[in-house]
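Novice: What follows is a structure written as structure tokens; I'll ask about it next.
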4 protein chains.
Amino acid sequence: MIIELSPHATDDQTVALEQRLADPRRRLARVEYEGRRFVTVSGLRDDIDRSRLAQERWIASVSDADLKTFFVRSSFRPGGTVIPLGRTELRAGGDLVVIAGPCTVEDEAGLLATAKAVRSAGAHALRAGAFKPRTSPYNFQGVGSSGLRLLAEVGAKVQLPVVSEILDPRDVQLGAELLDVIQVGTRNMTNQALLGTLGTIRKPVLLKRGSSARLEELLGAAEFIASGGNLNIALCERGIQSFDTVTRNTLDLSAVPALRQMTHLPIVVDPSHATGRKDLVRPMALAAAVAGADALLIEVHVDPASMVRPGDAAQALLPHELEDLLRQLEIVLTAVGRKLARS
Amino acid sequence: MIIELSPHATDDQTVALEQRLADPRRRLARVEYEGRRFVTVSGLRDDIDRSRLAQERWIASVSDADLKTFFVRSSFRPGGTVIPLGRTELRAGGDLVVIAGPCTVEDEAGLLATAKAVRSAGAHALRAGAFKPRTSPYNFQGVGSSGLRLLAEVGAKVQLPVVSEILDPRDVQLGAELLDVIQVGTRNMTNQALLGTLGTIRKPVLLKRGSSARLEELLGAAEFIASGGNLNIALCERGIQSFDTVTRNTLDLSAVPALRQMTHLPIVVDPSHATGRKDLVRPMALAAAVAGADALLIEVHVDPASMVRPGDAAQALLPHELEDLLRQLEIVLTAVGRKLARS
Amino acid sequence: MIIELSPHATDDQTVALEQRLADPRRRLARVEYEGRRFVTVSGLRDDIDRSRLAQERWIASVSDADLKTFFVRSSFRPGGTVIPLGRTELRAGGDLVVIAGPCTVEDEAGLLATAKAVRSAGAHALRAGAFKPRTSPYNFQGVGSSGLRLLAEVGAKVQLPVVSEILDPRDVQLGAELLDVIQVGTRNMTNQALLGTLGTIRKPVLLKRGSSARLEELLGAAEFIASGGNLNIALCERGIQSFDTVTRNTLDLSAVPALRQMTHLPIVVDPSHATGRKDLVRPMALAAAVAGADALLIEVHVDPASMVRPGDAAQALLPHELEDLLRQLEIVLTAVGRKLARS
Amino acid sequence: MIIELSPHATDDQTVALEQRLADPRRRLARVEYEGRRFVTVSGLRDDIDRSRLAQERWIASVSDADLKTFFVRSSFRPGGTVIPLGRTELRAGGDLVVIAGPCTVEDEAGLLATAKAVRSAGAHALRAGAFKPRTSPYNFQGVGSSGLRLLAEVGAKVQLPVVSEILDPRDVQLGAELLDVIQVGTRNMTNQALLGTLGTIRKPVLLKRGSSARLEELLGAAEFIASGGNLNIALCERGIQSFDTVTRNTLDLSAVPALRQMTHLPIVVDPSHATGRKDLVRPMALAAAVAGADALLIEVHVDPASMVRPGDAAQALLPHELEDLLRQLEIVLTAVGRKLARS
């Protein structure tokens, strides 16, 4: 349930409302978006007399009973969400942003080399994983919080904003301090402890679609964050699970225009993880740009052969390949009346 | 098993080979592609002494035991397959061909109106269904063979080659007489009676991917046709089955560059059936062009409201929308160094 | 559309109705089930004035416009369909029938050996494939019509009814002469040319679920046959496509009780093809019996090592394993108040 | 990497090993199972000289480089894992345990009523959710930690061990204090922060399969817990995502015998969530028992109409239906040489 306060509602009235609704079976949050104030109610709502609430003069509206998503819907913010990203911004329907970098933070020299190359190729942000979710506990799981710090330092050196994944709600605060964008990985799209914690901060979140999540479920996950107070969210299509094995996942590119009609949030496409094959990254990146993606997430490494996870070498572009790709993107974007974001 | 004859093999030797291999548990076919002659053996092969055969001087080679596909692989015809299509051609890696038309042949006036509009918009071929496979026997299943005739007449009038689906092996001969391209629908990709019959003619075949077929299975279906003697085949990605319901199927666009590396056959994309939503046809058609599709299959109708299957109205473009799309395709193709086929 | 004739409707009235509805865009069939007479209309129906038809005194009822399935629904034949099968019968909700045999008809000696073993183990019918749909044209595709004849001879010798797959509508007549039950395989569930032809005969049909067909689509395929005049149909769950690779397919066992509520047709389970692993056949066969399956399809071979398709050896039981299974089935069936059909 | 210590390895040697391997890019854990001692290494391992380590006399063995699962494999504990559960135990290959209860902890009176009914019907443990993961933040998400306390009190009153889900690693300690078994839900199977924390306690864990997780991925998730030191794990099949909509999910029952060969962990089946239909719970519960499930998770409610989540009423049995089910289970189990656990 979402209760919108009238512009003239006083703080006392809000507190009174919260007290009236207090119950261990629900959680309340005050959120403010677009100059409007709301109290969101998660959990039990059947005992709340909606029509009586709606009659209060300091309450503007009370949501429908079966509301599933509200803040993330297009209608809530027709102008589209804008997420500041270093010298540029990630904007729904805006110029194309390219976020690039190695899959994993390894040592400082390697990260710096890739970061410089990525910067000089024209990318707008640096992405690298410090916490890596894996299918086996015995695989490399990233260097952890020291990796976040290293990434932040390298980002500052090359003057690129940094993006990295957080897995544990207990690491969210640290991520908010060190990163420009916190990534939620595909394995954690339904991790509600993590989503809930991300709602309590204001740092932008890059929310990846679960590999078998319907678009409505992806929006539901975003609404979990938004209902807590954080609407700085970008959605990322990164391939869905299918029966074919030619590509690692199946890139669901029609999700881009379909999501555009459903939500005001920026839409990111990750062709590297979707296909798992560097020879498919270029055509799929171009196709994504034409289909309307607001940003691309591209895996790049200066020396793929040295990667700790050798499997990922198959999908990482070399810096000069990224440069080529950006040049081609520029041409293709022009053809559809768009352009690359300034870097 | 595929036995390649030497250039100097005589007809007597070929006949002797066929007699030697004759067995109710296998079928033999003589096929000639690229100036090379083969005898293909479907079925039992364990009793054949491959190494002895290979020693015959008039036999050039005998395929590996576990061969699954051969004629449809890139390596067999590196130059790519070219399918004549009216005044133009559908060529792997060639100029983009647009095949458009109504889902279904209904009455003559309607078909002619759409055909003229499609022609004047710049499409290269006319597609309409006379035999419609359906999920319920009580739904409209097309007008049948009279529809094929009508389509052929209308195609001649507007000077467009015509494409239509055949469901029954007993209709293949008629289709070969009346049509320029015979379509095999998604429900019949594994209909081996139909595929086998299509191998006995030389008419081009547009083979649609089964909605849950892996790419290797699609190539296997094409090889069924090719092993009988017909390599005039184009493959069509038309959306695969997934768990999401926002689009009718999930367009697997990375199948285009992936197939390009696997096969020399032209690759067609059908964004209309893949998405089932006309608002997604334009972005997905542009994305397909950029990803390398050789042809697009676009549903168009002059008066969608009048369609016998009202559900399809949701995916049919109006003629002026097709015209717009062709203009945009032209610009986008230029950006990737391609162009529309001449019409 | 389904038009039920009144009991007193004359033949002249029926003919007149057919003439009135004659149109190349629809097909009509007269069907008689449960002592009731119907004219089914496939295809175009929008121009038919349903309410006017319904007013004719010799017409009992006219179906709803959007009817998808009717004859195959539970409500049409609450007593359940009974299919005669040699000395026993396959009946919805009846005693458990076991259909067993080798995947493929190979040579006579082998088939006879397996047939005798299957018979003496207590199975009720013999199943073996003469036409084998395959993913590659170069694999063994069965011995064809000579295999059907051999199967019929062997069945007569061991006094077991025989079941085999037909792929091509042109082979339906031969199948109807030689077989007791015609199987439609998973790859042909949507082959409407085949389904339509099977509607014109009265021979029982074992219709396998497409590997990615929803239950409603399976019923739709059965209705295709039934709308032509043949309601002697059994449905077979044989595993659906999923993302896991531990079993060949995923046996959807809850389809058994779910289908029971939807249809009066007998329900068969094929644990051999569903799992592809003989060690899983026993537990899944027992589970299927407990879940309410009316029949089981079990792959058995006297000498799996000799099989032409070695892959299938992994799923074939030996005769003594079938005997054990039948003994265990008997005990488990008793526990749920059921029993094995008499053999 | 898993390093097994020799029986005579001293604590000093273990500490020295840990110091030698210390690196921010990996995590080490000491685990003891089956009287054997191990140091597990998660993360970076390429710089470790495995062969040199293996030569140390106080090291018994060093695992293979690409090891994915070890402790959860059948070979590690051939006798099967035994999890104490109140007066009985949940044992791989043991007597059947029934865990029952309402989906959600609501008020005390309701929970106590259902708990008493479940107890008197013969169930062995009480399950109810205090933290409920949901697809919308505005749905009821459970009463939280007060619900865990209430569940523990009610369990003590009716003398049943209690099972409930934990979503947040910060709640694991509380769960370990209040519960007998901690459930990890399907949405959190890949939540590695949660799995890692569960590895640091010794409380049994009921790990539900992700709705699109392969069995190898389920075992990988279990290994995440086990590699931290907790091998008290039961696996739960609760239905996988498929394309059909007749049941909420598709119960993958062949996962039971398949997992039995892969792992020594007990295997639980949840027919209530798998099917979402109470009419299918009974046949699927019986089938699961016959297929070898060690335990069943059954949703039961004294008054389904009163449930906060009305959708769940569709799958909850009434207490007398649970009683009937237990009686039928007893008979069916006898038929396969098994029995219900004593309650």
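The values are calculated or read from the model by the stated rules, or taken from the named source; none is laboratory data. Source: prediction; values computed, not measured. Heads up, the Cβs are rebuilt from the backbone with ideal geometry, glycines too, and the neighbour counts pull from every protein chain shown.
Novice: Scan D:Val336, D:Val302 and give me the residue that is in contact with a helix residue (DSSP H, G or I) (Cβ under 8 Å, 6 or more places away or on another chain), within 14 Å of chain C (Cβ to nearest Cβ), surrounded by fewer than 20 Cβ atoms within 10 Å (Cβ to Cβ) and in contact (Cβ under 8 Å) with a residue 40 or more places away in the chain.
Specialist: D:Val336
Novice: Within the stretch C:1-48, take every residue that is more than 24 Å from C:Thr197 (Cβ to Cβ) and hydroxyl-bearing (Ser, Thr, Tyr) and give me the one that is nearest to the other protein chains (Cβ to nearest Cβ).
Specialist: C:Ser6
Novice: Select from the stretch A:231-245 the residues that are within 12 Å of another protein chain (Cβ to nearest Cβ) and under 25 Å from A:Leu90 (Cβ atoms) and write down the one among them that is surrounded by the fewest Cβ atoms within 10 Å (Cβ to Cβ).
Specialist: So the residue we want is A:Ile240.
Novice: Against the definition (within 14 Å of chain C (Cβ to nearest Cβ), assigned to a helix (DSSP H, G or I) and buried (at least 22 other Cβ atoms within 10 Å of the Cβ)), how does B:Leu167 come out, yes or no? Spell out the reasoning first.
Specialist: Numbers: within 14 Å of chain C (Cβ to nearest Cβ): yes; assigned to a helix (DSSP H, G or I): no; buried (at least 22 other Cβ atoms within 10 Å of the Cβ): yes.
For B:Leu167, the condition - within 14 Å of chain C (Cβ to nearest Cβ), assigned to a helix (DSSP H, G or I) and buried (at least 22 other Cβ atoms within 10 Å of the Cβ) - is not met.
Novice: If we scan the stretch A:31-48, do we find a residue that is touching a residue at least 60 places away in the same chain (Cβ under 8 Å) and part of a loop (DSSP other than H, G, I, E, B)?
Specialist: no
Novice: Take the conditions crowded, with 23+ Cβ neighbours inside 10 Å, among the acidic types (Asp, Glu) and either out of contact with any Gly (no Cβ under 8 Å at 6 or more places or on another chain) or not in a helix (DSSP H, G or I) (or both) and apply them to B:Glu223. Does it pass? Talk me through it step by step, then tell me what you get.
Specialist: Working: crowded, with 23+ Cβ neighbours inside 10 Å: yes; among the acidic types (Asp, Glu): yes; either out of contact with any Gly (no Cβ under 8 Å at 6 or more places or on another chain) or not in a helix (DSSP H, G or I) (or both): yes.
Answer is yes for this residue.
Novice: What residue, of B:Ala109, B:Ala121, is free of Cβ contacts under 8 Å to residues at least 12 places away in the same chain and surrounded by fewer than 24 Cβ atoms within 10 Å (Cβ to Cβ)?
Specialist: B:Ala109
Novice: In the stretch D:112-142, which residues are more than 22 Å from the chain's Cα centre (by Cα) and either over 24 Å from A:Thr190 (Cα atoms) or away from chain A (no Cβ under 14 Å) (or both)?
Specialist: Once the filter is applied, which keeps residues that are more than 22 Å from the chain's Cα centre (by Cα) and either over 24 Å from A:Thr190 (Cα atoms) or away from chain A (no Cβ under 14 Å) (or both), the stretch D:112-142 yields D:Leu112, D:Ala113, D:Thr114, D:Lys116, D:Ala117, D:Ser120, D:Ala121.
Novice: Could you grab me the full set of residues in the stretch B:44-75 that are of a type in the set (Phe, Trp, Tyr) and closer than 22 Å to B:Arg25 by Cα? Spell out the reasoning first.
Specialist: Filtering the stretch B:44-75 down to residues of a type in the set (Phe, Trp, Tyr) leaves B:58, B:70-71.
B:Phe70 - this is the single residue of the stretch B:44-75 that is of a type in the set (Phe, Trp, Tyr) and closer than 22 Å to B:Arg25 by Cα.
Novice: Which one of the conditions (1) at pLDDT 95 or above; (2) closer than 30 Å to C:Ile3 by Cα; (3) not acidic (Asp, Glu) does B:Gly147 fail to meet, given that it meets all the rest?
Specialist: (1)
Novice: Would you check which residues across the stretch A:246-259 are surrounded by fewer than 23 Cβ atoms within 10 Å (Cβ to Cβ) and more than 7 Å from chain B (Cβ to nearest Cβ) and list them?
Specialist: Matches in the stretch A:246-259: A:Arg248, A:Asn249.
Novice: Quick one: A:Leu215 ticks every box in (1) touching a residue at least 60 places away in the same chain (Cβ under 8 Å); (2) within 14 Å of chain D (Cβ to nearest Cβ) except a single one, so which number is it?
Specialist: (1)
Novice: Can you report the number of residues in the stretch A:170-210 which are charged (D, E, K, R), within 14 Å of chain D (Cβ to nearest Cβ) and in a loop (DSSP other than H, G, I, E, B)?
Specialist: Residues in the stretch A:170-210 being charged (D, E, K, R), within 14 Å of chain D (Cβ to nearest Cβ) and in a loop (DSSP other than H, G, I, E, B): 1 in total.
Novice: A follow-up question, please. Being touching a residue at least 60 places away in the same chain (Cβ under 8 Å), within 14 Å of chain C (Cβ to nearest Cβ) and closer than 21 Å to A:Arg277 by Cβ: is that true of B:Glu223 here?
Specialist: Taking the combined requirement at face value, the residue does not satisfy it.
Novice: Taking the residues in the stretch D:103-147 that are in a loop (DSSP other than H, G, I, E, B) and acidic (Asp, Glu) as candidates, determine which candidate is farthest from A:Gly220 (Cα to Cα).
Specialist: Within the stretch D:103-147, the match that is farthest from A:Gly220 (Cα to Cα) is D:Asp107.
Novice: Please go through the stretch C:266-309 and pick out each residue that is touching a Pro at 6+ places or on another chain (Cβ under 8 Å), part of a helix (DSSP H, G or I), under 22 Å from C:Ser211 (Cβ atoms) and of a type in the set (Val, Ile, Thr).
Specialist: C:Val281 - this is the single residue of the stretch C:266-309 that is touching a Pro at 6+ places or on another chain (Cβ under 8 Å), part of a helix (DSSP H, G or I), under 22 Å from C:Ser211 (Cβ atoms) and of a type in the set (Val, Ile, Thr).
Novice: All but one of (1) closer than 20 Å to C:Ala193 by Cα; (2) not in a helix (DSSP H, G or I) hold for B:Leu160; state the number of the condition that does not hold.
Specialist: (1)
Novice: Now for a separate question. Would you confirm whether or not the stretch A:310-317 contains a residue that is within 12 Å of chain B (Cβ to nearest Cβ), surrounded by fewer than 22 Cβ atoms within 10 Å (Cβ to Cβ) and assigned to a helix (DSSP H, G or I)?
Specialist: no
Novice: Just to be sure I understand the filter: pairs with C-beta atoms under 6 Å, separated by 6 or more residues or on different chains, first member in the stretch C:276-289 and more than 7 Å from chain D (Cβ to nearest Cβ), second member part of a helix (DSSP H, G or I) and small (Gly, Ala, Ser). Which pairs pass?
Specialist: From residues that are more than 7 Å from chain D (Cβ to nearest Cβ), the pairs are C:Val281/C:Ser272.
Novice: May I pose another question? Can you name the condition, by its number, that B:Pro283 falls short on among (1) modelled with pLDDT under 95; (2) over 22 Å from the mean Cα position of the chain (by Cα)?
Specialist: Result: B:Pro283 fails condition (1) only.
Novice: All but one of (1) surrounded by 24 or more Cβ atoms within 10 Å (Cβ to Cβ); (2) not in a loop (DSSP other than H, G, I, E, B) hold for A:Ala213; state the number of the condition that does not hold.
Specialist: Only one criterion is unmet by A:Ala213, namely (2).
Novice: Count, please, the residues in the stretch B:65-97 that happen to be part of a loop (DSSP other than H, G, I, E, B), within 14 Å of another protein chain (Cβ to nearest Cβ) and modelled with pLDDT of 95 or more.
Specialist: 5
Novice: Can you find, within the stretch A:10-29, the residue that is modelled with the lowest pLDDT among those that are surrounded by 16 or more Cβ atoms within 10 Å (Cβ to Cβ) and touching a strand residue (DSSP E or B) at 6+ places or on another chain (Cβ under 7 Å)?
Specialist: Looking at the filtered set, the residue picked out is A:Arg25.
Novice: Scan the stretch D:189-201 for residues that are out of contact with any Lys or Arg (no Cβ under 8 Å at 6 or more places or on another chain) and either of a type in the set (S, T, N, Q) or over 12 Å from D:Phe131 (Cβ atoms) (or both) and jot them down.
Specialist: Taking the stretch D:189-201 and keeping what is out of contact with any Lys or Arg (no Cβ under 8 Å at 6 or more places or on another chain), we get D:194-201.
Once the filter is applied, which keeps residues that are out of contact with any Lys or Arg (no Cβ under 8 Å at 6 or more places or on another chain) and either of a type in the set (S, T, N, Q) or over 12 Å from D:Phe131 (Cβ atoms) (or both), the stretch D:189-201 yields D:Leu195, D:Gly196, D:Thr197, D:Leu198, D:Gly199, D:Thr200, D:Ile201.
Novice: Does the stretch A:322-330 contain any residue that is assigned to a helix (DSSP H, G or I) and among the basic types (Lys, Arg)?
Specialist: Scanning the stretch A:322-330, I find at least one residue that is assigned to a helix (DSSP H, G or I) and among the basic types (Lys, Arg), so the answer is yes.
Novice: What's the total number of residues in the stretch C:9-30 that are within 28 Å of B:Met307 (Cβ to Cβ) and without any contact (Cβ under 8 Å) to a residue 60 or more places away in the chain?
Specialist: Selection size over the stretch C:9-30: 12.
Novice: Given (1) in contact with a strand residue (DSSP E or B) (Cβ under 7 Å, 6 or more places away or on another chain); (2) more than 19 Å from C:Leu219 (Cβ to Cβ); (3) at the interface with chain D (Cβ under 10 Å from one of its Cβ atoms), identify the lone condition not met by C:Leu322.
Specialist: Just one mismatch for C:Leu322, condition (3).
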